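Student: Take a look at the following structure, please.
The values are calculated or read from the model by the stated rules, or taken from the named source; none is laboratory data. A quick note: this is a predicted structure, and the numbers were derived from the prediction, not measured. Positions of Cβ are generated from backbone atoms using ideal geometry, with glycine treated the same way; all protein chains shown enter the neighbour counts. Areas reflect the complete protein model, heavy atoms only, side chains present, ligands, DNA and RNA absent. Shrake-Rupley method; radii C 1.70, N 1.55, O 1.52, S 1.80 Å.
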Amino acid sequence: MIKKYCFGESVNTGATVLKLDSSQEELSYFKVKKQDQDTKGYQFIYLMDEKTQVFGLGENVRGMNKRGFIYESHCSDDPNHDEGKRSLYGAHNFILIRGKQNLGVFIDFPGKVRFDLGYTDKDEIRIEVDGEDFDFYLICEHSISEIAKRFRNLIGKSYVAPKWALGYQQSRWSYKNEAEVEAVIKGYRENKLPLDAVYLDIDYMERYKDFTVNKKAFPDLKCFAKHLKEQGIRLVPIIDAGVKIEKGYDVYEEGVKEDYFCKDANGKDFIGAVWPGKVHFPDFLQEKTRRWFGDKYKVLMDMGIEGFWNDMNEPALFYSEEGLKEAFEALDQLRALENIGIDEYFEMQNIMGSIQNSEKDYGRMYHQYNGEMVCHNKVHNLYGYNMTKAASEAFDRIEPDKRILLFSRASYIGMHRYGGIWTGDNKSWWSHLKMNIQMMPGLNLCGFIYSGADLGGFGDHATEDLVMRWLEFGIFTPLMRNHAAIGTREQEAYRFKDLEGFRNILNLRYSLMPYLYSEYMKAILEDKMYFRPIGFDYEEDEMAWQVEDQLMVGESMMIAPIYTQNAKGRYVYLPSDMLMLRIRSMEDMDRKVMEKGHHYIEVGLNEVLCFIKPNHLVPTTNPSLCIDTLKEDKLNLWGYVTSEATYMLYQDDGYTKKYEDETHYTKIGIKKQEEKYELSLSRNTVKINMNIN
Ligand code: GLC
């Protein structure tokens with residue numbers, strides 16, 4: 001059951017409009033308090049018992065169970081994802097409470113929301129909304145999985161990426177010209193390492209101007225893109241939110257003329273700065289701006305580009321004109337002092353440190369909405385959302401039947417309908433590999449199925465073992481992209497010594513594609529979670545709910561990635577008997593049925609550890625160098641069958657939008673008859689070779 005409570009001015013039908021008669025009231029399981037006059041917000045308080053766990057909040061630091069810390073919904077451009085951070089790039093206001101009664105709570109509000117999950121008072125959840133105009137959704141169901149499904153059902157179907165975008169992708173800031181891109185492809189192809197895409201970071205543009213191409217570096221992008229596609233490689237360029245202020249630059253000129261940009265308090269185009277220096281920010285809250293900006297992607301699509309990543313759309317703001325002026329004035333005052341003591345020193349640091357992404361600057365930026373000026377702070381979390389919506393809606397106009405790859409850095413729940421996300425600027429640290437593992441189910445809960453992190457880590461220098469372990473996990477994430485920052489060690493798979501190890505891991509991704517793609521598509525079409533904490537599948541098993549570093553992947557598999565340096569193995573909890581697979585390559589793996597309970601399992605650096613649930617199946621195929629050439633008409637069926645199992649294989653063309661067609665499904669059945677396995681297929685479009693137990 002979903003209950004919707006509207007606060008403030010929202011006009012809605014069928015919902016309870018909550019007016020507080022006294023300063024405090026009850027709303028089902030929550031106490032509701034009005035905040036003081038200044039904040040004008042609301043506070044919701046829920047009492048937790050000792051066993052209560054809290055899941056959700058999408059992109060955030062810390063464990064899968066989010067209890068014990070405070071998080072803030074505020075899309076933030078902050079590459080330092082340490083445990084103390086309350087916000088990352090996405091604002092995902094959904095929590096799932098596993099307690100006396102299981103509840104889902106979604107706060108639909110584009111400004112700041114704080115989720116204090118036992119931080120101020122260890123027994124209380126306090127949700128604070130910094131505003132009066134929002135909707136509060138309460139989802140009550142018996143089972144946790146049912147709540148998750150209900151919520152997904154409420155927020156709409158997730159974006160579907162083209163199938164090639166489930167292949168392995170290589171990125172770096174930046175491959176600066178054709179020769180550098182070619183060298184990367186050569187590195188992969190010559191070493192027989194699969195690859196589907198190479199990314200173009202900001203340097204492909206002419207002085208960081210959106211929708212331009214640096215002609216010296218890429219003299220004929222159209223021809224180049226075509227040549228690469230013939231090798232099964234797509235180019236994926238970045239698009240940044242800020243539009244460079246430069247006379248004669250068409251995007252800038254049109255934006256000024258047609259009033260497409262955000263304003264300052266005086267109604268002039270707001271001036272901020274990002275990579276190109278001074279920029280204007282498109283006012284994506286306006287329909288006309290979305291249409292205009294979205295149509296610009298066509299410039300690149302006409303050159304054969306089939307995928308984009310939207311960046312710096314929190315929006316990242318290095319400084320504003322006014323903010324910079326104030327900072328220099330404050331520094332001048334300090335400069336005039338004879339002696340800079342400790343207080344002044346800290347002040348100086350503070351002045352410099354707070355220029356970037358400052359709240360004050362966001363407060364100086366305005367949107368136009370229904371004839372009114374709306375301060376950016378009030379709608380901050382919708383900026384990346386609307387930039388991505390703009391692109392997605394334009395793709396529907398430009399190429400209505402074709403799937404275009406699109407993912408964004410900033411996001412808000414709802415954006416999952418328009419594109420995927422990547423989790424921003426992580427670091428080449430083991431702790432960030434763990435964070436990647438723990439973040440995935442939260443993202444799925446909020447609708448983001450096509451998602452993934454910068455594999456190998458973005459900032460800082462990667463090591464061979466870290467990249468290998470990270471890829472061993474990355475082969476399960478729908479977005480599988482290796483990306484690194486400028487100035488860091490090169491971390492393309494072919495740069496390292498154990499080439500065979502990397503080849504086997506990447507091949508495994510492609511071999512698992514019949515399963516991974518089926519599960520990816522079914523997660524979207526049936527509002528299911530692709531990644532789940534294991535308790536979601538074993539709700540009665542209290543121990544399963546304690547596990548923070550294993551994940552269910554799709555309906556048949558559980559993974560237990562290694563995320564610590566020098567580890568030769570790890571402890572694993574099996575919530576039921578399972579078939580353990582320790583995979584070195586498709587030809588060389590250990591298979592062993594293991595009993596429910598705790599185990600220590602040795603896992604070599606080049607081995608992938610995964611498990612198949614009882615009476616479950618995993619269809620696989622032979623690997624290939626890219627998705628375009630992957631053959632999936634003869635499958636090799638892995639499984640653990642004690643009595644009988646069925647599997648719904650999903651296969652479509654991977655490129656058009658005809659997702660919902662019965663002919664995409666093949667039901668595979670296996671029945672154990674004494675010591676033999678009997679196979680049944682609902683259609684004869686695939687040939688199956690059995691490899692059970
Ligand atoms: C931002 C992005 C990163 C990109 C860089 C340069 O930091 O998050 O992925 O490489 O900008 O464009």
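Student: Considering only strands (runs of 3 or more DSSP E) fully contained in region 77-190, which possess at least 1 residues that are farther than 27 Å from residue 425 by Cβ? If you could, list the steps in order and put the result at the bottom.
Tutor: Working: elements: 94-98, 103-108, 113-117, 124-129, 135-140, 168-170.
Of the strands (runs of 3 or more DSSP E) lying wholly inside region 77-190, those with at least 1 residues that are farther than 27 Å from residue 425 by Cβ span 94-98, 103-108, 124-129, 135-140.
Student: Might you check whether a residue that is more than 12 Å from residue 93 (Cβ to Cβ), of a type in the set (S, T, N, Q) and open to solvent by less than 20 Å² (accessible area, probe 1.4 Å) occurs anywhere in region 135-154? Quick ask: steps written out before the conclusion?
Tutor: Within region 135-154, the subset more than 12 Å from residue 93 (Cβ to Cβ) is 138-150, 152-154.
With the extra rule that they be of a type in the set (S, T, N, Q), the set shrinks to 143, 145, 153.
Narrowing the set further to residues that are open to solvent by less than 20 Å² (accessible area, probe 1.4 Å) leaves none.
Within region 135-154 (the criterion being more than 12 Å from residue 93 (Cβ to Cβ), of a type in the set (S, T, N, Q) and open to solvent by less than 20 Å² (accessible area, probe 1.4 Å)), the answer is no, since none of the residues qualifies.
Student: Then there's this: Among the residues of region 245-276 satisfying the criterion of being assigned to a strand (DSSP E or B) and out of contact with any Ser or Thr (no Cβ under 9 Å at 6 or more places or on another chain), which is nearest to residue 407 (Cα to Cα)? Walk me through how you get there before you give the answer.
Tutor: Step one: of region 245-276, the residues assigned to a strand (DSSP E or B) are 261, 263, 269, 272-274.
Okay, now just the ones that are also out of contact with any Ser or Thr (no Cβ under 9 Å at 6 or more places or on another chain), so 263, 269, 274.
Working: 263: 27, 269: 27, 274: 20 Å.
Filtering first and then ranking leaves 274.
Quick grid of which residues meet (1) open to solvent by 10 Å² or more (accessible area, probe 1.4 Å); (2) in contact (Cβ under 8 Å) with a residue 40 or more places away in the chain; (3) not assigned by TED's automatic domain parsing to the domain that holds residue 521:
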{"site": "353", "(1), (2), (3)": "yes, no, yes"}
{"site": "358", "(1), (2), (3)": "yes, yes, yes"}
{"site": "368", "(1), (2), (3)": "yes, yes, yes"}
{"site": "375", "(1), (2), (3)": "yes, no, yes"}
{"site": "378", "(1), (2), (3)": "yes, yes, yes"}
{"site": "383", "(1), (2), (3)": "no, yes, yes"}
{"site": "392", "(1), (2), (3)": "yes, yes, yes"}
{"site": "397", "(1), (2), (3)": "yes, yes, yes"}
{"site": "402", "(1), (2), (3)": "yes, yes, yes"}
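Student: Among the residues of region 303-315, are any within 36 Å of the chain's Cα centre (by Cα), of a type in the set (A, V, I, L, M, F, W, C), assigned to a loop (DSSP other than H, G, I, E, B) and under 25 Å from residue 362 (Cβ atoms)?
Tutor: yes
Student: State all residues of region 300-346 that are open to solvent by less than 90 Å² (accessible area, probe 1.4 Å), charged (D, E, K, R) and away from the ligand (no atom under 16 Å from the Cβ); if no residue qualifies, say none. Quick ask: steps written out before the conclusion?
Tutor: Taking region 300-346 as the starting set, the residues that turn out to be open to solvent by less than 90 Å² (accessible area, probe 1.4 Å) are 300-321, 323-324, 326-327, 330-332, 334, 336-337, 340-341, 344.
From what's left, charged (D, E, K, R): 302, 306, 311, 314, 321, 326, 332, 344.
Once the filter is applied, which keeps residues that are open to solvent by less than 90 Å² (accessible area, probe 1.4 Å), charged (D, E, K, R) and away from the ligand (no atom under 16 Å from the Cβ), region 300-346 yields 302, 306, 321, 326, 332, 344.
Student: Give the residue that is surrounded by the most Cβ atoms within 10 Å (Cβ to Cβ), with candidates limited to residues of region 586-609 that are under 28 Å from the mean Cα position of the chain (by Cα) and closer than 27 Å to residue 539 by Cα.
Tutor: 608
Student: Output the qualifying pairs, or none if there are none: Cβ atoms under 9 angstrom, residues six or more apart or on different chains, first residue in region 196-218 and near the ligand (Cβ under 10 Å from one of its atoms), second residue open to solvent by 20 Å² or more (accessible area, probe 1.4 Å) and charged (D, E, K, R).
Tutor: 199/172; 201/172; 201/176; 203/176; 208/244
Student: Tally up the residues in region 235-251 that are of a type in the set (A, V, I, L, M, F, W, C), in contact (Cβ under 8 Å) with a residue 40 or more places away in the chain and within 16 Å of the ligand (Cβ to nearest atom), please.
Tutor: Restricting attention to region 235-251, the residues satisfying the condition of being of a type in the set (A, V, I, L, M, F, W, C) are 235-236, 238-239, 241, 243, 245, 251.
Keeping just the survivors that are in contact (Cβ under 8 Å) with a residue 40 or more places away in the chain gives 235-236, 238-239, 241, 251.
Subsequent filtering for residues that are within 16 Å of the ligand (Cβ to nearest atom) retains 235-236, 238-239, 241.
Within region 235-251, residues that are of a type in the set (A, V, I, L, M, F, W, C), in contact (Cβ under 8 Å) with a residue 40 or more places away in the chain and within 16 Å of the ligand (Cβ to nearest atom) number 5.
Student: So if I check each of 553, 603, which one is within 27 Å of residue 502 (Cα to Cα) and in contact (Cβ under 8 Å) with a residue 60 or more places away in the chain?
Tutor: Numbers: 603 fails: in contact (Cβ under 8 Å) with a residue 60 or more places away in the chain.
Being within 27 Å of residue 502 (Cα to Cα) and in contact (Cβ under 8 Å) with a residue 60 or more places away in the chain holds for just one of 553, 603, which is 553.
Student: Just give me the residues in region 663-693 being under 30 Å from residue 401 (Cα atoms), part of a strand (DSSP E or B) and open to solvent by 70 Å² or more (accessible area, probe 1.4 Å), in sequence order.
Tutor: 667, 687
Results for (1) modelled with pLDDT under 95; (2) open to solvent by less than 30 Å² (accessible area, probe 1.4 Å); (3) under 22 Å from residue 378 (Cβ atoms), shown as yes or no for each residue.
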site: 3; (1), (2), (3): yes, no, no
site: 29; (1), (2), (3): yes, no, no
site: 42; (1), (2), (3): yes, yes, yes
site: 48; (1), (2), (3): no, yes, no
site: 72; (1), (2), (3): no, no, yes
site: 80; (1), (2), (3): yes, no, no
site: 84; (1), (2), (3): no, no, no
site: 87; (1), (2), (3): no, yes, yes
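Student: If only one of 660, 632 is out of contact with any strand residue (DSSP E or B) (no Cβ under 7 Å at 6 or more places or on another chain), open to solvent by 70 Å² or more (accessible area, probe 1.4 Å) and not in a strand (DSSP E or B), which one is it?
Tutor: Values: 632 fails: open to solvent by 70 Å² or more (accessible area, probe 1.4 Å).
Result of the check over 660, 632: 660.
Student: Turning to a different aspect of this structure: So which residues in region 422-462 are acidic (Asp, Glu) and away from the ligand (no atom under 16 Å from the Cβ), if there are any at all? Reasoning before the result, please.
Tutor: First, pick out the residues of region 422-462 that are acidic (Asp, Glu): 425, 454, 460.
Residues satisfying the conditions do not exist here.
Student: Only one of 232, 267, 294, 272 is more than 17 Å from residue 390 (Cα to Cα), more than 16 Å from the ligand (Cβ to nearest atom) and buried (at least 19 other Cβ atoms within 10 Å of the Cβ). Can you tell me which?
Tutor: Unique residue meeting the criteria: 232.
Student: I'm checking my understanding of the structure. Among residues of region 487-527 that are more than 22 Å from the chain's Cα centre (by Cα) and within 16 Å of the ligand (Cβ to nearest atom), which one is farthest from residue 625 (Cα to Cα)?
Tutor: Residue satisfying both the conditions and the ranking: 487.
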